[in-house]
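Here is the structure we will look at, set down as structure tokens.
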Amino acid sequence: MDINWYGLSCFRLREGGVTIICDPYSKSIGSQVARTRADIVTISHDQSGHNGIDQITGDPKVVRGPGEYETRNVFITGMASYHRHQNDEAPERNVIYFMDFGGFVVGHLGDLGEMPKQSQIDELQLGEVDILMVPVGGGATLDPTRACGSGWHVRAKAAHSHALPADQHVGPMDIRSRAGG
């Protein structure tokens, strides 16, 4: 699996000839994702930092909400969650996605701010998660302390699991991982 982080919560996943872009951001936020081809795009919520479909080329399947999806031999489970409560405003919905590439599972938490109950995660019957992309930027999303000390856990393969920080305003980076190695 090849993973590229483009900043904020935007990642590109490539495995077995399939390309997924998670949360592409719009150029209206002052930066933009390089125009990238994708087979599948996941959108965690409808804000310009996460829904820049116009930056994606090709004819991707766009996944925008909770539910179960299967396309290009990738099984995707979306679960509703929320930003952190701020002031008296109702929290905005966020969708967490788990993408199963034939037994290699990648989780993208989007702009998660309110931790779901463990029972909600257990209901998904995900099995083990190999890579989890976790927002740590603070504000309406998790900060590093809340991300590490939440008490909310997905089962991870102890020897081969990885957590990747997301939703920070720094430059992109490449991460290369191999299932089972």
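The values are calculated or read from the model by the stated rules, or taken from the named source; none is laboratory data. Values in this document were obtained by computation on a predicted structure and should not be read as measured data. Note: ideal-geometry Cβ built from the backbone for every residue, glycine included; neighbour counts use all protein chains shown.
Looking only at region 63-92, which residues are of a type in the set (D, E, K, R) and under 18 Å from Gly52 (Cβ atoms)? Result: Arg64, Glu92.
When Phe75 is tested against (1) in a strand (DSSP E or B); (2) within 23 Å of Asp46 (Cβ to Cβ), just one condition goes unmet, and that condition is (2). Only residues that are part of a loop (DSSP other than H, G, I, E, B) and without any contact (Cβ under 8 Å) to a residue 24 or more places away in the chain were counted in region 59-69, giving 1.
Scanning for something among the aromatic types (Phe, Trp, Tyr), at pLDDT 85 or above and surrounded by 16 or more Cβ atoms within 10 Å (Cβ to Cβ), does region 52-75 turn up at least one residue? The answer is yes; a qualifying residue exists. Can you find a residue that is within 23 Å of Phe101 (Cβ to Cβ), assigned to a strand (DSSP E or B) and at pLDDT below 90 anywhere in region 12-31? Scanning region 12-31, I find no residue that is within 23 Å of Phe101 (Cβ to Cβ), assigned to a strand (DSSP E or B) and at pLDDT below 90, so the answer is no.
Looking only at residues of region 122-148 that are of a type outside the set (S, T, N, Q) and at positive phi, we find that the one that is modelled with the highest pLDDT is Gly127. Candidates are the residues of region 103-121 that are modelled with pLDDT of 90 or more and of a type in the set (Val, Ile, Thr); the one that is surrounded by the most Cβ atoms within 10 Å (Cβ to Cβ) is Val106.
Just so you know, in region 32-44 the residues that are surrounded by fewer than 19 Cβ atoms within 10 Å (Cβ to Cβ) and touching a Lys or Arg at 6+ places or on another chain (Cβ under 9 Å) include one that is modelled with the lowest pLDDT, and it is Thr36.
Just so you know, in region 76-102 the residues that are at pLDDT below 95 and aliphatic (A, V, I, L, M) include one that is nearest to Arg14 (Cα to Cα), and it is Ile96.
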